[in-house]
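Structure record follows, encoded as structure tokens.
The values are calculated or read from the model by the stated rules, or taken from the named source; none is laboratory data. Keep in mind that this is a model prediction, so the values were computed, not measured. A quick note on method: Cβ atoms are made from the backbone with ideal geometry, for glycine too, and the neighbour counts reach across all protein chains shown.
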Amino acid sequence: MALVEVNSVWKTYPRRAGLRTEQQTVVEDVSLTIETGETLGLVGESGSGKTTLARMILGLVKPSRGTVRVQGIDVANASAAELHSLRRQMQPVFQDPYAALNPRMKVLGIVTEPLIIHGLGASRATLHAKAIQLLAEVGLDESALTRHPHEFSGGQRQRINIARALALRPKLLILDEPVSALDVSVGAQIVNLLRRLQQEYGLT
């Protein structure tokens, strides 16, 4: 069984056209499968529905037609308990490393937030140690923990985003243009980092 199965998925939104309301199709009849450990790149022009499809896989948007299954579970019709479990297994890394981080939070709080939400933060000492480990995995040192996002470069912020995504040890990372907001050399470093992390942790 594939890790992700997308079967004939459509997404439409109502749109005003003068006095009438029309249905605008954003995603049209998409099917794909992603095997465990596989990398799948989705290519298309701006506005072609890539982000909407990613959000449907994550369960943030429901398809108008068709099904999305992750680990055999229909994401759109999953129970609250199933969704909670699934969201530990799949994590997003968004396009804009500037907008994706809460400017009021320090890095310690940012990277450990998923652990707290899922009830995995046993103690402050455990969370602190886990945060140091996560930062090391993405090439940042412990001194980053007490700083705020605005104190980092774009590439460093994307590393923090990736560290947060790895906190729950997910099986699946959904990356929405993770290097498009970065310059070419920094983007290449992030791609190499992701490739190494995939090999180390068997990420899809």
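Please go through region 139-198 and pick out each residue that is part of a loop (DSSP other than H, G, I, E, B), surrounded by fewer than 18 Cβ atoms within 10 Å (Cβ to Cβ), in contact with a Lys or Arg (Cβ under 7 Å, 6 or more places away or on another chain) and not charged (D, E, K, R).
Selection gives Gly139, His148, Leu168.
Assuming Val61 fulfils every condition listed in (1) aliphatic (A, V, I, L, M); (2) within 17 Å of the chain's Cα centre (by Cα); (3) in the same structural domain as Ser143 (by TED's automatic domain parsing) apart from one, which condition is it?
Exception for Val61: condition (3).
Select from region 21-60 the residues that are among the aliphatic types (A, V, I, L, M) and part of a loop (DSSP other than H, G, I, E, B) and write down the one among them that is nearest to Leu86 (Cα to Cα).
For region 21-60, the residue satisfying everything is Leu58.
Considering (1) in contact with an Asp or Glu (Cβ under 8 Å, 6 or more places away or on another chain); (2) in contact (Cβ under 8 Å) with a residue 60 or more places away in the chain; (3) more than 23 Å from Gly41 (Cβ to Cβ), say which one Ile132 fails and leave the rest.
The number of the failed condition is (2).
Hey, among Val30, Val93, Val68, Val43, which residue is β-branched (Val, Ile, Thr), assigned by TED's automatic domain parsing to the domain that holds Val4 and touching a residue at least 60 places away in the same chain (Cβ under 8 Å)?
One residue alone meets the criteria, Val68.
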